[in-house]
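Read through the structure below, which is laid out as structure tokens, and then see the notes.
The values are calculated or read from the model by the stated rules, or taken from the named source; none is laboratory data. Quantities reported herein were computed from a predicted structural model and do not represent experimental measurements. Quick reminder, even Gly has a Cβ in these numbers, built from the backbone with ideal geometry, and neighbours come from all protein chains shown.
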């Protein structure tokens, strides 16, 4: 790919710039990071945070429906997950935590450590590549109800921003050339998603001591909308919503009807 050409502005150029600007602002301005590692979204223009969203009631919608789905992922049926759990190869020990789990020491409020354990893209359907991303992340800090950790926020926005800027490569040779290209040469590659405005991300976040929650992020106009579930406990086997999280982890992408 020659560096003589330059990318043309795409229809979703504004969405791409909004995501890039938002991520840079969050990385540079850490005044909103609280002592416990959560991030105060108060006064953050461009972000709408919806808490206590019920992901347990997601259901598929047909194009005949007049109501477009808020969440562009369709979870696998719980019954299918239960069938898989009954196979011997899938049985793994899952132990209760002790009554008083040891305190997990962490860095200071801005010295965040987190990791993304898996990052899934949907299979290509013919020539169609869907922008959906499903992530599983680990956070070392205790999760607090109705609040988002700085590491969770950065992971979510980074995934959306990177998907928006993902270059289009069709062959392994082009991929190798892209990896070796300098910054100027990379600008000549077209974007993979030139019409997408939403960039949906489903994020399953495991937090200390043994809890987890669900996030769904997408762009709606110039707003980043983050829907967040309640905090689920995995401390006791009897209370752990393993099947719910598995059904979401294996969810299928949905596309809004025109």
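Some observations on this one:
- Matching residues in region 223-251 - criterion: being within 18 Å of the chain's Cα centre (by Cα) and exposed (fewer than 14 other Cβ atoms within 10 Å of the Cβ): 223
- Taken over region 216-258, the criterion of being in contact with a helix residue (DSSP H, G or I) (Cβ under 6 Å, 6 or more places away or on another chain) and under 30 Å from residue 13 (Cα atoms) is satisfied by 217, 219, 222.
- Complete set of residues in region 221-258 that are in contact with a strand residue (DSSP E or B) (Cβ under 8 Å, 6 or more places away or on another chain) and free of Cβ contacts under 8 Å to residues at least 24 places away in the same chain: 232, 233, 239, 241
- Exactly one residue out of 130, 138 is outside any strand (DSSP E or B) and under 17 Å from the mean Cα position of the chain (by Cα), and it is 130.
- Cβ-Cβ contacts under 7 Å between residues 6 or more apart (or on different chains), taken from a first residue in region 32-60 that is under 13 Å from residue 215 (Cα atoms) to a second residue that is part of a loop (DSSP other than H, G, I, E, B), are listed as 49/41; 51/146; 52/146; 52/230; 53/229; 55/229.
- Cross-chain or 6+ apart pairs with Cβ under 9 Å, region 109-126 first and more than 18 Å from residue 73 (Cβ to Cβ), then surrounded by 14 or more Cβ atoms within 10 Å (Cβ to Cβ) and modelled with pLDDT under 80: 112/106; 113/106
- Count of residues meeting criterion [surrounded by 15 or more Cβ atoms within 10 Å (Cβ to Cβ) and either at pLDDT 85 or above or assigned to a loop (DSSP other than H, G, I, E, B) (or both)] in region 181-201: 13
- Checked against (1) surrounded by 14 or more Cβ atoms within 10 Å (Cβ to Cβ); (2) modelled with pLDDT of 80 or more, residue 42 passes all but condition (1).
- Annotation for region 153-160: no member residue is part of a loop (DSSP other than H, G, I, E, B), in contact (Cβ under 8 Å) with a residue 24 or more places away in the chain and under 30 Å from residue 30 (Cβ atoms).
- Scanning region 45-58 for residues that are out of contact with any strand residue (DSSP E or B) (no Cβ under 8 Å at 6 or more places or on another chain) and either part of a loop (DSSP other than H, G, I, E, B) or exposed (fewer than 12 other Cβ atoms within 10 Å of the Cβ) (or both) yields a count of 3.
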